[in-house]
Amino acid sequence: MSIKIIQGDITKLSVDAIVNAANPSLLGGGGVDGAIHRAAGPKLLEECKSLGGANPGQAKITHGYDLPARWVIHTVGPLWRGGKEGEPIILKRCYENSLCIARSYELRSIAFPSISTGAYGYPIEEASEIALSTIEWFLENCAYYEMEVICVLHNKRDYEVYIQTAKILGIDYEV
Ligand code: AR6
């Protein structure tokens, strides 16, 4: 089991699945969602239309089409409203449910962006704690075969925050 923290563009990764930080329509948007749809091509949107949307915290899987990744797991993060409206538990569910789907497809390498910390405004320091602790917990307690989870941060500051959080939480990670 391993957690990797890297800086980069998630759409370029040749992994079993990349996770998309989508909105409840699951029909595309800006940020990482827009980048994933552009790189995957129009067939991704066609398949997404058949999913019937998703609630915050849920996750649904599609093919990756023109992406190097075979699968895309679409999850809807919480919109940050100050932190007292259930945002932490919803964010935790995004990671848990995405990893449960990955496990049910027996996927070995899964890459996550930093869900909710762009347009949805979740503070990266707090979001990184939930991301890393939930991934570590899942790998230790729920994975029954070797899984590699990669946290992909688009910019240097977010990357540095993740590394700092991993150190504070005492989480074993690779870079
Ligand atoms: N690779 C990796 N990370 C990226 C990439 C990329 N190519 N592009 C952006 N990020 P956001 P949210 C990072 O806004 O906050 C969409 O319109 C970005 O720096 O993509 O969950 C959806 O349709 C940030 O750290 O997602 C929803 O309406 C992280 O991805 C809404 O935005 C998440 O930022 C969801 O907002």
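Bear in mind these aren't lab numbers, they're just calculated from the coordinates by the rules spelled out. Remember, it's a predicted structure, so these values are computed and weren't measured experimentally. Reconstructed Cβ throughout: ideal geometry from the backbone, glycine too, with neighbour counts over all protein chains shown.
Kindly indicate whether any position in the stretch 54-63 is out of contact with any strand residue (DSSP E or B) (no Cβ under 8 Å at 6 or more places or on another chain) and either farther than 24 Å from Asn155 by Cβ or surrounded by fewer than 17 Cβ atoms within 10 Å (Cβ to Cβ) (or both).
Checked the stretch 54-63: no residue is out of contact with any strand residue (DSSP E or B) (no Cβ under 8 Å at 6 or more places or on another chain) and either farther than 24 Å from Asn155 by Cβ or surrounded by fewer than 17 Cβ atoms within 10 Å (Cβ to Cβ) (or both).
When you check Ser109 against the structure, is it among the polar types (S, T, N, Q), in contact (Cβ under 8 Å) with a residue 60 or more places away in the chain and under 27 Å from Gln164 (Cα atoms), yes or no? Taking the combined requirement at face value, the residue satisfies it.
Scanning the stretch 84-107 for residues that are closer than 20 Å to Leu139 by Cβ, assigned to a loop (DSSP other than H, G, I, E, B) and among the acidic types (Asp, Glu) turns up just one, Glu106. Within the stretch 102-127, the residues that satisfy the criterion of being away from the ligand (no atom under 14 Å from the Cβ) and buried (at least 20 other Cβ atoms within 10 Å of the Cβ) are Ala102, Leu107, Ser109. Residues in the stretch 15-38 that are free of Cβ contacts under 8 Å to residues at least 40 places away in the same chain and more than 7 Å from the ligand (Cβ to nearest atom): Ser25, Leu27, Ile36, His37, Arg38. Filtering the stretch 129-157 to residues that are part of a helix (DSSP H, G or I), touching a residue at least 60 places away in the same chain (Cβ under 8 Å), under 17 Å from Cys94 (Cβ atoms) and within 16 Å of the ligand (Cβ to nearest atom) leaves Leu132, Ile135. Would you confirm, using the coordinates I've provided, whether Thr165 is closer than 23 Å to Asp9 by Cα, more than 15 Å from the chain's Cα centre (by Cα) and among the polar types (S, T, N, Q)? The answer is yes for Thr165. Within the stretch 152-175, the set of residues being aliphatic (A, V, I, L, M), buried (at least 19 other Cβ atoms within 10 Å of the Cβ) and farther than 13 Å from Ser133 by Cα comprises Val152, Leu153, Val161.
Looking at the structure I just gave you, is Arg81 outside any helix (DSSP H, G or I) and over 11 Å from the mean Cα position of the chain (by Cα)? Against the criterion (outside any helix (DSSP H, G or I) and over 11 Å from the mean Cα position of the chain (by Cα)), Arg81 qualifies. Filtering Gly41, Gly82, Gly86, Gly53 for residues that are small (Gly, Ala, Ser) and within 15 Å of the ligand (Cβ to nearest atom) leaves a single hit, Gly53.
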